[in-house]
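Notes for the one structure printed next.
A short reminder: the numbers here are calculations on the coordinates, not readings from a lab. This is a predicted model, so every value here is computed, not measured. As a convention, Cβ positions derive from the backbone with ideal geometry for all residues, glycine included, and neighbour counts pool all protein chains shown.
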Amino acid sequence: MKKGIGLLTAALLSVGSQAQDMTYAEKLGFPKGKKVVILHIDDAGMSYDSNLGTIRALKEGVANSVSVMMPCGWVPGFVHFLKENKDVDAGLHLTLTSEWKQYRWGPLAGKPTVRSLVDSEGALWPSVKDVVQHGTPDHVEMEIRAQLDRARTMGFEPTHMDSHMGTLFATPEFLQRYVKVGIEEKIPVMFPGGHNTLIKVDERLEGERLEMVRNLGRQLWDAGLPVLDDLHNTSYGWVPDVKGKISKKKLQKFKAEKYVHALKEEIQPGLTMVIMHCTHPTEVFEHISSSGVTREGDLLAMLDPSVRKVIEDEGIILTTWRELMERRQKVK
């Protein structure tokens, strides 16, 4: 998601000019002035370590939503967990990149079907830039549908869809296919189309470009899907400035303080999704990615009493994509 919103300028042909009178949270029946938050974990199924951390954050911590990278090797283990825990709010982390050097995956649609999405190693391209350069919208849609099909084949009906590394927000054509599948399948798609207080700063959205984003939010709402008011997507960059290893106690304190500040000071009233990556790194994870510290910090923060306390003290309402869709279906 991080790098894609800024490329939405050409995605919409019409621009609405009316102001956002109500937050989407209010439209869904939540109290006016309340912060309504989804504490969302990305990258489930990516690795054994990702599954361990995600499950612990969901069962023992305050995280309450997750999305799964369907092309990855540890998806079966996580889907089996979902089958045993049917109340978990779980969606698809639609994956069009394979970014790690030593551990890679290919498209579920198959190389012969979506050749434009495959690199010289037979895997998905390693960067969003590569997908934009080589990928075709038709192949992107085919792969989205293949990932949805695998989930359903495994008995996993997703509560929502979002985009790994923001690839589906990288071009207007990719975005259109993402939205198209969501509307046709009646599956909510992650999209911040409201006041966008945080995204405005993060993606430098203003003026006409900001209104274009809000206009797409209105289109999704009119199609019967819930829409976010804002998106918090900076936790991956919260890495302690220390040399060498940091103790788990210090890492937990560092990350928990970041989340407490975000929940108390940064997030505004309305419906906001907070993105994180909760991982319990084993000795294998460092051979996949160097991001183990920030990912483990997310897990530890979700377990920290101070994060739970700020949610209670601030009267923050936690919600899920499942609840949002149930509420949306009741709104005329």
### Query
Under a point spin-label approximation (7 Å from Cα along Cα-to-Cβ), what is the Lys83-Thr234 distance to one decimal in nm?
4.2 nm
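Using a/c under 1.5 as the rounded threshold, could you call the stretch 16-133 rounded, prolate or oblate? The axes a ≥ b ≥ c are square roots of the C-alpha gyration tensor eigenvalues, and prolate needs a/b larger than b/c, oblate otherwise. Please report the intermediate quantities before stating the final value.
Values: a/c = 2.77, a/b = 1.41, b/c = 1.97.
Verdict is oblate for the stretch 16-133.
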### Structure-derived Cα Rg over 2.2 N^0.38 Å: which label, when the choices are (1) 0.94; (2) 1.47; (3) 1.03
(1)
### Length released on extending from Arg327 to Glu208, taking residue separation times 0.36 nm less the Cα-Cα span
39.8 nm
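Rounded if a/c is under 1.5, else prolate if a/b is larger than b/c, else oblate: which is the stretch 122-186, with a ≥ b ≥ c the root eigenvalues of its Cα gyration tensor? Please list the in-between numbers first.
Details: a/c = 2.05, a/b = 1.48, b/c = 1.38.
Prolate, since a/c reaches 1.5 and a/b exceeds b/c.
I need Leu220, Leu82 ordered by Cβ neighbour count within 10 Å, fewest first. List each step's numbers first, then the result.
Numbers: Leu220 20, Leu82 23.
With the fewest neighbours first, Leu220, Leu82 line up as Leu220, Leu82.
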### Message
How would Val331, Val179 line up from fewest to most surrounding beta-carbon atoms within 10 angstrom?
### Response
Val331, Val179
### Summary
Reduced to Cα centres, the span from the stretch 248-292 to the stretch 298-332 in Å works out to 16 Å
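Can you compute the charge dipole magnitude of the stretch 23-330 about its Cα centre, using +1 on each Lys and Arg Cβ and -1 on each Asp and Glu Cβ, nothing else charged? Give it in debye, rounded to the nearest 20. Numbers along the way, then the final one.
Details: 40 positive and 43 negative charges, 90 e Å.
Roughly 440 debye for the stretch 23-330.
Computed FRET efficiency, Cβ-Cβ of Ser247 and Arg152, R0 56 Å: what is it to the nearest 0.05? It would help to have the intermediate numbers written out before the result.
Numbers: r = 43 Å, r/R0 = 0.77.
Efficiency, rounded to the nearest 0.05: 0.80.
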### Message
Classify the stretch 206-286 from the C-alpha gyration tensor, please: rounded if a/c falls under 1.5, else prolate or oblate depending on whether a/b exceeds b/c.
### Response
prolate
### Built amide H within the under 5 Å cut-off of Leu228, gap 5+
Phe191, Gly193
### Message
Under 5 Å between amide hydrogens, which residues at least 5 positions from Met161 or on another chain qualify, with H placed 1.01 Å from N in the peptide plane?
### Response
Leu92, Val189, Met190
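Output the DSSP H helices from the chain with an along-axis C-alpha extent of no less than 15 Å and a mean Kyte-Doolittle hydropathy no less than -0.5.
On the way: long enough: 48-59 (17 Å, -0.39); 137-153 (24 Å, -1.09); 172-185 (20 Å, -0.44); 207-222 (23 Å, -0.95); 248-261 (20 Å, -1.59); 292-303 (17 Å, 0.53).
Span-like helices here: 48-59, 172-185, 292-303.
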### Message
7 Å from Cα along Cα→Cβ at both Thr282 and Ser116: what's the point-to-point distance in nm?
### Response
3.9 nm
### Message
Going Cα to Cα from Lys264, which lysines come in below 20 Å? Please leave out same-chain ones fewer than 8 positions away.
### Response
Lys32, Lys34, Lys35, Lys200, Lys253, Lys255, Lys309
